[in-house]
Structure formats: C-alpha cells, structure tokens
Amino acid sequence: LRSLYEQRFSRRMSFSEYQRQIEIVSDPAVVERWKEEARNVTTYSTLDETPVAFTNAVEAERHFRQNYLPALILSVEEALIDGPSSRQLQDRQLNRHIEDAWSAENRSPSNMMQELAKNFREAGLQIFRHRRGMLFVSSIRARSFHHDQTGVSTQVKGILEALAATPGIHRKDLADRLLKAQEGEEPETRKLALASDLRWLISEGYVIEFNDGSLDLPREKNKTPVVSGTDVAPVKQNAPAETEAAAAVMPDTGSSAEEQAPTTTVLDEVPAIDPNRQTPGPE
C-alpha cells in the first residue's frame, strides 16, 4: 500500500488521506470491475527525441511550464482577439480588463466610432448625420440641392418637393404620387423618365436612399446668423444627447469647415459687441 501511494498519490494527498479513501469490499463482481478499470492507465509523454513520461496531468503541466512555456510567450503592446474568445479567457486579470473595456464602450462607444470612421474614410466612404443626429455611411456624398435657385425640370422639382413634404417615402409611393399628377404622356415613358431622374438625384447625393428603401433629402446645414445691434445676450442651446455623442466621436479628417460643421449650431458664449462699432452686412 505504501509503495502504491508513493508511486501514484504522494504528490496529491497525504498518506492518512489516502488511507481514508480506501474501501474494502468482498463482492467478487465489484473486485473484477475494479481490476478492469485499473488496467486502463493514462500517461503523458513529451514529443522530443527522448520522450519523458508522466503519470498524471499535474506533472505534465509542471514540466511544460518549466521547459516550453517561456519560449512560447511573447510580450506585445497590442493584441487582437475576437469577441467570443475574449469572454472565455482563463486569466482573471485579463478577464477583468476586458470586462471594464466592454462596459466603457457600452456607455460611450467613442473609441470604436473613431476607429470605424477612420477606416470608412480610408475606404472612400462618406459619413453623414441624419435622422436625429444618427451617423450613416454611404459611398455617395450627401449634399443639398437648392432647386429654388437652379433651373431644373418640372419632374426633378416635383421629386424634391415631394420628398421635402413626406420624408421617408418609398420609391413606389413616390412614383404613384408623381405619376398621378402627370397627364398627356405614355405611362411607360413617364415611368422611365421618373426612374432616370430619381436615379440621377440619388447618384449625385441630392437624394438619400436608405437600406430600408426609404427616401429623404440631406439635412440642411444651419448658417451662423449675422449679429448686429446692442441687445446681445449669451445664447445656449442644448443639442440632443445622441447628436452630441455623434459629434464628439467624429475625428478631424482635414475636411472643409462646411463639411465638418455640426447640423445644430451651439453658441456657448456670444461676446458683447461695441455699439459704436459698425457691423458689416451679409455678403
């Protein structure tokens, strides 16, 4: 008994513990079953030219940590890991850091948005705000079409006016509304002309077609008003939290001021103006 203990169990328990786990039975069937189970022994050995064998996993792991693990570990400043694997790590310290990072991104995903925005722009995609300040990505640059100041066809003007009156309308509903107002032409000719004008407006960025099939016009950029006179007071406007968060995560890409300006003008402070000073009028 002592010899068996020294060979197989001395590293895991004391001899007294080993003795307490011994069960004495006299049933021949139980003894034969125990003999059959005892014939199967799991051993571990290295894959070297001169293999080293171990009788249990604890010894094999200890040998691996001492002889192989140091050469396999590399120190890096940054490592990439997929989401499911990051939540199944056995190291408690790494798990805690990853959980803290997940919680921070859930509260305000600014780091992720900055990284995505940079990669989108490098890929030639356009990022713009729409629908309560939400950020959208498109291969087409959205821009306003001032049709009141430009000579356009009646049909193009009708498309833009219909979208201004009914934001989020779908293609079919827009076509039904505009085709009913037109008379005197063949239906197929009118449909082709309408489809051609709508396709041109979308490809030029004057009309936005979203992934759900809805159509809308780009958001107008607010122009800073010219302030004149002596009755000037500080003005504060509270933009929606969603818009502020979206504006905060956008990195500076060197674009023009008009493209990067937020859709809502927020003036934290307006300095007092000298009443004797002449304020130039709008150009």
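Please give the FRET efficiency for R107 paired with R131, using the beta carbon to beta carbon distance and R0 = 30 Å, rounded to the nearest 0.05. Efficiency, rounded to the nearest 0.05: 0.85. Along the axis of the charge dipole computed for the stretch 1-80 (Cβ charges of +1 for Lys and Arg, -1 for Asp and Glu, origin at the Cα centre), the listed residues S45, L4, V76 are led at the positive end by L4.
Placing unit charges on the Cβ atoms only, positive for Lys and Arg and negative for Asp and Glu, gives the stretch 1-160 a dipole magnitude near 980 debye about its Cα centre. Of the GluC sites (Glu not before Pro) found in the stretch 1-40, those in coil by DSSP whose Cβ has at most 13 other Cβ atoms within 10 Å are E23. Approximating the spin labels as points 7 Å out from Cα along Cα→Cβ, the A195-to-R141 distance works out to 3.0 nm.
Applying the Karplus relation 6.51 cos²θ - 1.76 cosθ + 1.60 with θ = phi - 60° to the stretch 64-76 yields 3J(HN,Hα) values of 5, 5, 7, 10, 10, 4, x, 7, 9, 8, 10, 8, 10 Hz, where x marks Gly and Pro. Comparing Cα centroids, the stretch 82-160 and the stretch 1-73 end up 57 angstrom apart. Under a model in which nothing but the beta-carbon of Lys, Arg (+1) and Asp, Glu (-1) is charged, the stretch 165-218 shows a dipole of about 60 debye around its Cα centre. Close amide-amide hydrogen proximity is noted between Q126 and S138, S139, I140, each under 5 Å apart and 5 or more residues distant or on a separate chain (H modeled in the peptide plane; Pro and chain starts excluded).
On the beta carbon distance between R2 and I24, with R0 = 22 Å, the FRET formula returns roughly 0.85. Taking amide hydrogens as placed 1.01 Å from N in the peptide plane, the amide H of N56 sits under 5 Å from those of Y44, each at least 5 positions away in sequence or on another chain. Report note on the peptides 57-68, 125-136: ranked by the mean count of other C-beta atoms within 10 Å, highest first, their order is 125-136, 57-68. If R0 is 41 Å, the Cβ-Cβ spacing of A79 and F9 corresponds to a FRET efficiency of close to 0.55.
When the solvent-accessible area of the stretch 76-143 is split by element, carbon and sulfur atoms take up 50 percent of it, the probe being 1.4 Å. Net length available on complete extension from D91 to A38 is 15.6 nm, with 0.36 nm assigned per residue and the Cα-Cα distance removed.
The values are calculated or read from the model by the stated rules, or taken from the named source; none is laboratory data. On a predicted model such as this, the values are computed, not experimentally measured, just so you know. Here the Cβ is made from the backbone with ideal geometry for all residues, glycine too, and neighbour counts use every protein chain on show. For the accessible areas, the whole protein counts, side chains as well, though only heavy atoms, and no ligand, DNA or RNA atoms are used. Shrake-Rupley method; radii C 1.70, N 1.55, O 1.52, S 1.80 Å.
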